[in-house]
Amino acid sequence: MAAAIDLYAYQEPILFLATAGIVVPLFHRLRISPVLGFLGAGALLGPYGLGRLTDDHPWVNWLTLTNQEGTSHLAEFGVVFLLFTIGIELSWQRLRTLRRLVFGFGSLQVLLCSAAIGALAYGLVGTITGAAIVGLAFALSSTAIVIPVMAERKRLKTPAGRATFSALIFQDLAVAPILFTIAVLDTGQPEVTTASFLWAMVQAAIALALLVGVGRLILRPFFQLASASRSPEVFMAACLLVVIVTSLIAAVSGLSMALGAFIAGILLSETEYRRAVDVTIQPFKGLLLGVFFMSVGMNLDLFRLLDAPILILTAATTIIAIKALIVFFTARPFGLTPGEAAETGLLLGPAGEFALVIIGGAMAGALIPSAIGQNLLIVTTFTMVTIPLLARLGRKLGRRLEKGEPLDPILAATPPPDEAGRVIIAGYGRVGQLVGEMLARHDVPFLALDLDPVRVAAERRAGKPVYFGNGAHPEFLRACGLDRALALVVTLDTRGSIEAVVSAARQERSDITIVARARDAKHAAELYKIGVDDAVPETIEASLQLSEAVLADIGVPMGLVIASIHERRDEFRSILKSSNLRRDPARTEFRARRTVGKSSTRATEETSTPVSGAKSQVDV
């Protein structure tokens, strides 16, 4: 007899997944940030929304999210995974370059905002301690909402994005001291003293040192062992283990879980597994961030807002305005233009998720009156809800302020070679290595992918830009910058793997040049059908090279040999392409335009240097 199933135990996970399946596609189609959708869904389905109807209509229980405590624990991992993926995109070197913004701009912003808001809060709470706590709470911004909103708008690598991110990093570092300070001030916890506070700080510093030191030693061998299994499940388990363990170590040491995961991400950013790990973690990060946003929405009591709308809206607007103005004037000495400073101010103006924790802890310790604290929580949540709208407003305001300003030559510089204008090589065996050497000889930057962990580790030690991962996964190709690459060269040695990479790349980007290795003429024809620009059959190429060698050895002039080999190669290419082009007229027209362009370029080059070109061929 089958065991009875408690359907209600699965109600909240099913409701969340159904919400995600509706909210994300709908808001993408409406070109609205899904963050707003999750926040709104949390407010509607939470205890202050439909949850109010459960007493009179029990069936509404199936449509509500009421387990706030359980949801908050799961939601915290959304921020953890977010900071982990941000760390993967950084490195110690890049973090060192941001130290002026992190410890200069970030610390100054927190100090000034805390003082200004605390001074205003003194008249509300009546005590210096309570006012200081309110000021510190509202000085912090929302990492979990600001970073995804900026990433969605591709603003993280802009000057405003770097300044915002740096301030958020410092704020995350400041959370632990603030929480310890509240514990020291809480008279209900006499065991917490100044000595224990200092020891907790030392303990946190030791934990950071251990995370960095031990992580540098074991992370690379650990992932090399996991990747050697060639099992996606094992690799995924390794990724999740690293995220969870590092975040828990940080939490036990008094730091935020997100900070521990951030450090693990930075350590992994220097390894060849960074892109594969990033792709593996992304689905978990997206879902858990959705849980986080819904948990924030669940705390939004719209009826309390209706009870005192003018007071709450005025408080929220005042906090955002004060912080935005302080950030604006603070950012200017750090090299930001008025437009960038304005965008940064509006992004950091709203309060953040840690304000909910700090105010909640202050209420529990009787440092802030409960009624005032509840209103402050509503104000905090309301300001967080406005972040996507403020991000859009900040970008528009920034553009308006920057009109007519000369572009800073530093900002106008092209992205570094590892960000744009490179060639991606899928497969770094003997063929891929030779392609990479030829690209390097002509100063063309490249990035190589391979699934052999031993080979990847060896090439990384030699200083080559080789990364572990499967190019057949569209997410991994996106992580490697396919949208900014000049071309993709596929040098893998099996038919299935070659075709999988070509199909994935062509699906992601229709205009990129793809050159692929083919086993034989038949395989080359199949590759042309699925979208390669050039297929190089091994059998035909070997025959052409043999012909070139024998003709040169028996005394035929080298110039004539090279010309005839190139002519024969073009004939083979035309034959292999012709069957595919007859089937697809649209692609015929596309390739015809490419051929005309290449032919005109070649004709121009030959016209410009006819004599020297011919002479160089004969001399060779």
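What shape does region 262-311 take by its C-alpha gyration tensor, where a ≥ b ≥ c are the square roots of the eigenvalues and a/c under 1.5 counts as rounded, a/b above b/c as prolate, and the rest as oblate?
Here region 262-311 falls in the prolate category.
Using per-residue counts of other Cβ atoms within 10 Å, averaged over each peptide, order 568-575, 269-276 from highest down.
269-276, 568-575
Mind checking the full-extension length gain between Leu325 and Leu302? Use 0.36 nm per residue of separation minus the Cα-Cα distance, one decimal, nm.
My answer for the length gained is 5.5 nm.
Say each of Asp570 and Lys154 gets a label point 7 Å from the Cα, pointing the same way as Cα to Cβ; how far apart are those two points in nm?
Between Asp570 and Lys154, the simple spin-label model gives 3.7 nm.
If a/c stays under 1.5 just call it rounded; otherwise compare a/b with b/c (prolate if a/b is bigger, oblate if not). Do that for region 260-416, with a ≥ b ≥ c from the square roots of the Cα gyration tensor eigenvalues.
It comes out oblate by the Cα gyration axes.
Would you mind pulling out the separation of the Cα centroids of region 332-353 and region 196-247, in Å?
33
Please report, in cubic angstrom per residue, the volume enclosed by the convex hull of the alpha-carbon atoms of region 10-402.
About 151 Å³ per residue, rounded to a whole number.
Values quoted throughout were computed directly from the atomic coordinates according to the rules given, and no laboratory measurement underlies them. No experiment lies behind these values; they were computed from the predicted model shown. So basically every Cβ, Gly included, is an ideal-geometry build from the backbone, and we count neighbours across all protein chains shown.
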